[in-house]
Amino acid sequence: MGDKIPISGNYQYHAYYNGNPLQRFWHIFKIDVAVNNLDIKPGNQLLDAGCGSGMLSATIAMRNPTVEITGLDGNADAIDFCKNQWSRLTNVHFLVGLIDQLGEFWDEQMDGIAFLEVIEHITETQACHILSEFYRILKPGGRLVISTPNRKSLWPVLEAVMDIFHLAPRLKRDQHEKLYSGYELERIAGLNGLAIYKRQTINLVAPWIALVSEKYARKAHNWEIRQHRFPGSLLIYTLVKPES
């Protein structure tokens, strides 16, 4: 039904550009990995589901002028912000809508879908429905990139600390409905016909290193994304709709 608590439409924008180094590089690393894993080609049509302040949509649109991106979010304030902030980008448009209501998108319309740090905000039943809809609107061979906090990492401790000290709008119960492990994410993906293309976890130590050195934070990030079954705080799974 949308957010339980109000989140400012410019929240992710300010975290990306004006947050402390830890906060900024959490988002920067996530978006960089997602853009790379979408394997964007000229003329692609993409969906940024749960686009927030539009950081991923704008990044893709600026780098790929022939690509068409739709940013969708249930937060009307976020969509208003996106329409004003990114108005110069003619290849991206933003829609207000709940992410489990995708009937306006036709079958096999999208070459790629990004679903970044959204799945933890909905119930597992909703997540299964949305993944089935993503399968429907993806072209064969199309990719879906999902990021979500890793339940099998230090994230639950970090989340508790953030809630106790009010470092962000309250996460547990007010925002986060369910945290996933990699195994749990793979299970619901498989139930909806999506195959695993790549498993990655990031943001274990790299964003923290950014507090003292951007250079070494990037080196740590590049090391983290090459590790297998690494207990990073953020899961990034790239799924694919099989060709047949």
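The values are calculated or read from the model by the stated rules, or taken from the named source; none is laboratory data. Computed from a predicted model, the values in this text were never measured in an experiment. Glycine also receives a Cβ, built like all others from the backbone with ideal geometry; neighbour counts cover every protein chain displayed.
Remarks
- Considering residues of the stretch 82-100 that are in a loop (DSSP other than H, G, I, E, B) and either of a type in the set (F, W, Y) or touching a residue at least 60 places away in the same chain (Cβ under 8 Å) (or both) only, the residue surrounded by the fewest Cβ atoms within 10 Å (Cβ to Cβ): L98
- Selection status of A78, of a type outside the set (V, I, T), at pLDDT 95 or above and within 26 Å of E184 (Cα to Cα): no
- Scanning the stretch 17-38 for residues that are buried (at least 19 other Cβ atoms within 10 Å of the Cβ) and of a type in the set (F, W, Y) yields F25, W26, F29.
- Among the residues examined, F29 qualifies as in contact (Cβ under 8 Å) with a residue 60 or more places away in the chain, touching a His at 6+ places or on another chain (Cβ under 9 Å), in a helix (DSSP H, G or I) and hydrophobic (A, V, I, L, M, F, W, C).
- Among the candidates K41, K4, the residue that is surrounded by fewer than 17 Cβ atoms within 10 Å (Cβ to Cβ), of a type in the set (K, R) and modelled with pLDDT under 95 is uniquely K4.
- The residue list A58, A34 contains one member that is of a type in the set (A, V, I, L, M) and more than 11 Å from the chain's Cα centre (by Cα), which is A58.
- Scanning the stretch 206-242 for residues that are assigned to a loop (DSSP other than H, G, I, E, B), more than 17 Å from the chain's Cα centre (by Cα) and surrounded by 14 or more Cβ atoms within 10 Å (Cβ to Cβ) returns A210, F230, K241.
- Listed by first and then second residue, the pairs with beta-carbon distance under 6 Å, at least 6 apart or on different chains, first residue in the stretch 226-242 and closer than 30 Å to R136 by Cβ, second in a strand (DSSP E or B) and small (G, A, S), are L234/S147; I236/S147; V240/A195; K241/G142; P242/A195.
- Residue in the stretch 121-130 that is in contact with a Gly (Cβ under 9 Å, 6 or more places away or on another chain), touching a residue at least 12 places away in the same chain (Cβ under 8 Å) and at positive phi present: no
- Scan the stretch 101-134 for residues that are among the hydroxyl-bearing types (S, T, Y) and either crowded, with 20+ Cβ neighbours inside 10 Å or outside any helix (DSSP H, G or I) (or both) and the total you get is 1.
- Residues of the stretch 169-201 satisfying the condition of being of a type in the set (A, V, I, L, M), touching an Asp or Glu at 6+ places or on another chain (Cβ under 9 Å) and at pLDDT 95 or above: I188, I196
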